[in-house]
Amino acid sequence: MACFLVSAAEAVVVTIAAKVAGSREMSAESVKLEKNAAAEEKQENRLPWSRKLTILAKLLWGGAFLLCYEHIWHGEVVPWFPFLTAMNDPGDTAEMLHEMSTIGVTMAIIVTVTWAIMMFVADRILARPDKEPDKAAA
Amino acid sequence: MTLLICVFAAIFATVKWYQRKDDSLMPGVPCVLFWGASLMWLGDAIFGYIEDGAAFFEPEAAEMLNDAYLGLSVVALGLILWLVILLVKDPKGIVKAGLKKKAAK
């Protein structure tokens, strides 16, 4: 009924967190330049948090957008107030809230857990030694 | 059916992202769009299976047709969104060059 709203709410929070992380990394960049090269190299073997959070935000926004379309298709979201047809009836509203707390939360958890696994694997891939051009081509 | 069509779109987008020569076509956009939606519909499918059991995998023909129609329109909408983002961000500057050319005439 409105399960995508949970993911959309998470997307808002993650987008803000990504912006904050991005600005912190920018200010830390100047400090990092003064540190030794080894520490810098260690940092380069991992994706920065702002980029990781941006990927999660994009996954959540993309999913919420297409699911919103699905809800419009099924007549559960309308372009006039109160936008959710379930809001017109208290019984439907209760059902909608139940659906959000079960299916909506599950959707957000699935996306977040998948993203966490992806980022773990991405950091492992970045930590691998670079392949030689000949071997990579083979 | 909607989930299945969206998963196929996500796989195709990911393969195209892996094969990319550069990021000028922004192939990551359809990837996150379709994977995000697929993962969310997976959550929906889990609850559908818990509710209906094996009957979840045996939908009515009319229901399946409607879901397929929805899946295809979801893919179309996702591709339109990607195209809009691509033209607005204009990584290769083609749109800007075209507009400058027209303004110069």
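Read-outs: derived from the displayed coordinates by stated rules, not from any lab. Bear in mind the structure is a predicted one, so any value in this text is a computation, not a measurement. Cβ: placed from backbone, ideal geometry, glycine included. Neighbour counts: every protein chain shown.
In percent, how large is the relative contact order of segment A:4-129, given Cα pairs closer than 8 Å and 6 or more residues apart?
On the way: 90 pairs, mean separation 49.0, N = 126.
Answer for segment A:4-129 is 39 percent.
Using only the alpha-carbon atoms of segment A:4-129, report the extent along each of the three principal axes, biggest first, to the nearest angstrom.
So the three principal-axis extents are 64, 27, 21 Å.
Return one quarter of the surface area of the convex hull spanned by the alpha-carbon atoms of the protein assembly as shown, equal to its mean projected area, in nm².
On the way: hull surface 80.6 nm².
The directionally averaged projection comes out at 20.1 nm².
Would you mind giving the mean number of other chain beta-carbons within 10 Å of the Cβ of each residue in A:53-65, as a whole number?
Working: counts 0, 1, 3, 2, 2, 7, 8, 4, 3, 15, 12, 3, 7.
Going residue by residue through A:53-65 and averaging, the value is 5.
List the residues whose amide H sits under 5 Å from the amide H of A:Leu84, counting only those 5 or more places along or on another chain, with H placed 1.01 Å from N in the peptide plane.
Those qualifying (amide H under 5 Å, at least 5 residues apart or on another chain) are A:Val78.
Mind telling me which of A:Trp73, A:Trp61, A:Trp49 comes out most flexible in a GNM of chain A, alpha-carbon contacts under 10 Å?
Most flexible of the set in this elastic network: A:Trp73.
At 222 nm, what value in deg cm²/dmol follows for chain A if DSSP H runs of at least 4 each add -39500 (n - 2.57) and the sum is divided by all its residues, to the nearest 500?
Numbers: 6 runs with 102 residues, N = 138.
About -25000 deg cm²/dmol.
Averaged across the residues of A:107-120, what count of C-beta atoms belonging to other chains lies within 10 Å of each residue's C-beta? Display every interim value, and only then the final one.
Details: counts 10, 3, 2, 8, 8, 1, 1, 5, 3, 0, 0, 1, 0, 0.
The per-residue average across the peptide is 3.
Rounding to the nearest 10 and keeping the result within 0 to 90°, find how far the Cα-based axis of helix A:49-73 lies from the longest principal axis of chain A.
Computed tilt is about 20 degrees.
Let me confirm the definition first: pairs of Lys residues in segment B:2-104, 8 or more apart or on different chains, C-alpha distance under 22 Å. How many are there?
So the count works out to 10.
Relative to the longest principal axis of the C-alpha atoms of chain A, give the angle of the C-alpha long axis of helix A:4-34, reported between 0 and 90° and rounded to the nearest 10°.
Tilt relative to chain A: about 20 degrees.
Rounding to the nearest 10 and keeping the result within 0 to 90°, find how far the Cα-based axis of helix B:94-104 lies from the longest principal axis of chain B.
Here the helix axis deviates by roughly 40 degrees.
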